[in-house]
Amino acid sequence: MCKVIAICNQKGGVSKTTSTVNLGVGMVREGKRVLVIDADPQGNLSQSLGIENPDELEIALPTIMEQIIMDEEFEMSEGIIHHVEGIDLMPCNIDLSGVDVSLVNAMSREFVLKTYVDCMREYYDYILIDCMPSLGMITVNALTASDSVLIPVQAAYLPVKGLEQLIATIFRVRKHLNPGIQFEGILISMLNARTNYAKDIIELITEYYGESIPIFDSRIPFSVKAAETSAAGVSIFSLDKKHPVAGAYEELTKEVLAHE
Ligand code: ATP
Ligand code: MG
């Protein structure tokens, strides 16, 4: 059975893309078949996996979504890129901004990405969707297509207000579009464990959300090494598998796999 997880937070720069890469590769290292979908017109996930200029790709997620909107057939393997570390990538580029506009008049506009994802389920154990930093129609499509949502939170600012908006959106999606969607959990990321401020934020998140949303025991430390992986086009496991960030993503992977 395939599980589809949206990596989502409308706050920018909280490590959605970095977590998608490292959780995805972490799962492959545990023997799983994994597809990661870039659902962001910035194309950061595609770049992080070595596609230097996603805007030059002939086929990417926007191409497939336009085909679905137009009721055209698409090939299952179309546009999929195999990465050296064993994950498959459906890349994305700036054309996704245009799809956002096409969706306004599309029939069943919230279900376009789900149509694609459901076709791919039989080939993978996990599909991870890297969402863009907004709660617009593309993100609603990602949430509608997913079995659960993993929320990375940066432990360096007060995230409580923004999380409320995200959670309200997830509840609306559950009510109207995808009754089965669950919370995979909140991932505390970019953590500088030595500061009291970080401790306060963890306490605050636990106090506000701990009852209703699982919070992962694994936390991702803040480290420049994590940032270097995107430029290198590989995961932290390839770059430095003994690094604490690699250890943290390995633990996170085990926690997610245990949720099966
Ligand atoms: P966006 O909202 O723009 O899509 P995002 O939530 O996907 O952003 P990332 O792109 O993964 O966030 O990370 C933002 C920046 O922080 C990047 O430069 C990334 O390399 C860096 N970064 C990610 N994880 C860490 C970490 N654990 N420690 C330090 N820097 C990190
Ligand atoms: Mg991103």
- Message: Being farther than 23 Å from ARG174 by Cα, of a type in the set (Ser, Thr, Tyr) and in a helix (DSSP H, G or I) is the filter here; which residues of the stretch 111-128 pass it?
- Response: TYR123
- Message: Which of the helices (runs of 4 or more DSSP H) found entirely inside the stretch 1-110 contain at least 2 residues meeting this: among the charged types (D, E, K, R)?
- Response: 16-29
- Restricted to the stretch 25-66 and to residues being under 19 Å from ILE138 (Cβ atoms) and of a type in the set (Asp, Glu), the residue surrounded by the fewest Cβ atoms within 10 Å (Cβ to Cβ) is ASP55
- Query: What about GLY79, is it touching a residue at least 40 places away in the same chain (Cβ under 8 Å), among the small types (Gly, Ala, Ser), touching an Asp or Glu at 6+ places or on another chain (Cβ under 9 Å) and more than 21 Å from ASN178 (Cα to Cα)?
  - Reply: no
- Message: Any residue that is within 16 Å of ligand 2 (Cβ to nearest atom), on the phi < 0 side of the Ramachandran plot and free of Cβ contacts under 8 Å to residues at least 60 places away in the same chain - is there at least one of those in the stretch 38-46?
- Response: yes
- Message: If the requirement is being away from ligand 1 (no atom under 16 Å from the Cβ), among the acidic types (Asp, Glu), farther than 24 Å from SER134 by Cα and at pLDDT below 95, which of these qualifies: GLU260, GLU255, GLU164?
- Response: GLU260
- Message: Could you check the stretch 188-218 and list, in sequence order, the residues that are touching a Lys or Arg at 6+ places or on another chain (Cβ under 9 Å) and of a type in the set (Phe, Trp, Tyr)?
- Response: none
- Message: Looking at the stretch 137-147, can you tell me whether even one residue there is surrounded by fewer than 17 Cβ atoms within 10 Å (Cβ to Cβ) and of a type in the set (Gly, Ala, Ser)?
- Response: no
- Return a yes/no flag: does the stretch 67-87 have any residue that is at pLDDT 95 or above and crowded, with 24+ Cβ neighbours inside 10 Å. yes
- Item | Qualifying residue in the stretch 187-196 (condition: basic (Lys, Arg) and either under 27 Å from LEU96 (Cα atoms) or surrounded by 13 or more Cβ atoms within 10 Å (Cβ to Cβ) (or both)) | no
- Would you please list the contacts, defined by Cβ atoms under 7 Å and residues six or more apart or on different chains, that run from a residue in the stretch 216-237 that is part of a loop (DSSP other than H, G, I, E, B) to a residue that is of a type in the set (D, E, K, R) and more than 8 Å from ligand 1 (Cβ to nearest atom)? PHE216/GLU255; ASP217/GLU255; SER218/GLU251; SER218/GLU255; VAL234/GLU85; SER235/GLU85
- Could you please find all residues in the stretch 89-115 being surrounded by fewer than 20 Cβ atoms within 10 Å (Cβ to Cβ) and either hydroxyl-bearing (Ser, Thr, Tyr) or in contact (Cβ under 8 Å) with a residue 60 or more places away in the chain (or both)? SER97, SER102, SER108, GLU110, PHE111, THR115
- Task: Would you tally the residues in the stretch 15-34 being within 16 Å of ligand 1 (Cβ to nearest atom) and more than 17 Å from PRO91 (Cβ to Cβ)?
- Result: 5
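The values are calculated or read from the model by the stated rules, or taken from the named source; none is laboratory data. Remember, it's a predicted structure, so these values are computed and weren't measured experimentally. We place every Cβ from the backbone using ideal geometry, glycine too, and count neighbours over all the protein chains shown.
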